[in-house]
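The values are calculated or read from the model by the stated rules, or taken from the named source; none is laboratory data. These numbers were taken from a predicted model, which means no experiment stands behind them. Positions of Cβ are generated from backbone atoms using ideal geometry, with glycine treated the same way; all protein chains shown enter the neighbour counts. Areas reflect the complete protein model, heavy atoms only, side chains present, ligands, DNA and RNA absent. Shrake-Rupley method; radii C 1.70, N 1.55, O 1.52, S 1.80 Å.
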Amino acid sequence: MNAYLITSIFLACLVTWSHGRALKTALVHQSNSELERKKAWNRHLVTNGILWLVLFADVLALQFILPRQDIQPLTRLLGLIMILGGVALVAWTRIILGRDQAMGNRFYFPHTTRKVLVGPFPFVRNPMYDGFILILVGLGLSLGIYGDLVLAGV
């Protein structure tokens, strides 16, 4: 396996672990003062925001580093459709949720939580992640970069 791909897998796992750890910690400390939870929320936003940016930059760099395979035109078209669908799903979800809800605000401030019953949410539990998976699979199919398919599985 390519060393660049291993780095990307590590970054994807780190982002997921960091996000999950921060949200679990928030649940444990819900009895803390509003100010303490606000500070923790801001640390989470900065930390995970930076990690997501590094991961996105890394995935972008992979598109120029990893080897490509010959792909049939129909497969390329399917990949392009998946990329567009994934981008639309991520954008739609982000618009519906807003910044705070998209980053796990409900764990820090449960009293501000609202149940989302519009858009893709009645059908999919976490449409933003599903959109990212669609994008990665689409990149793998349209560009012939099988590393993207591995990363989508992670």
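Points to keep in mind about this one:
- To the nearest ten degrees, helix 34-65 and the longest principal axis of the Cα atoms of the chain are 0 degrees apart.
- Here SER142 sits with roughly 20 square angstrom of accessible surface, probe radius 1.4 Å.
- For segment 1-138: relative contact order, % (alpha-carbon pairs under 8 angstrom, 6 or more apart): 33 percent
- Distance in nm between pseudo-label sites at TRP17 and ALA88 (7 Å out along the Cβ direction from Cα): 3.7 nm
- Rounded FRET efficiency, nearest 0.05, which uses the C-beta distance separating ILE65 from GLU36 and R0 of 41 Å: 0.45
- In the elastic network of the chain, a GNM with C-alpha springs shorter than 10 Å, the most mobile of HIS44, HIS111, HIS29 is HIS111.
- Our estimate of slack between ARG125 and LEU80, defined as 0.36 nm per intervening residue step minus the Cα-Cα distance, is 13.8 nm.
- What the chain shows is 61 Å² of accessible area per residue, with the surface traced by a 1.4 Å probe over protein heavy atoms.
- For the chain, the longest principal axis of the Cα atoms and the long axis of helix 127-143 meet at an angle of about 20 degrees.
- With an a/c value of 1.5 or above and a/b not larger than b/c for the gyration tensor axes a ≥ b ≥ c computed over the alpha-carbon atoms, segment 1-152 is described as oblate.
- The long axis of helix 73-102 is offset from the longest Cα principal axis of the chain by roughly 10 degrees.
- Extended-chain gain in nm, criterion 0.36 nm per residue less alpha-carbon gap, ILE95 and TYR146: 15.3 nm
- Ligands, DNA and RNA left out, the 1.4 Å accessible surface of segment 29-154 is 67% carbon and sulfur atoms.
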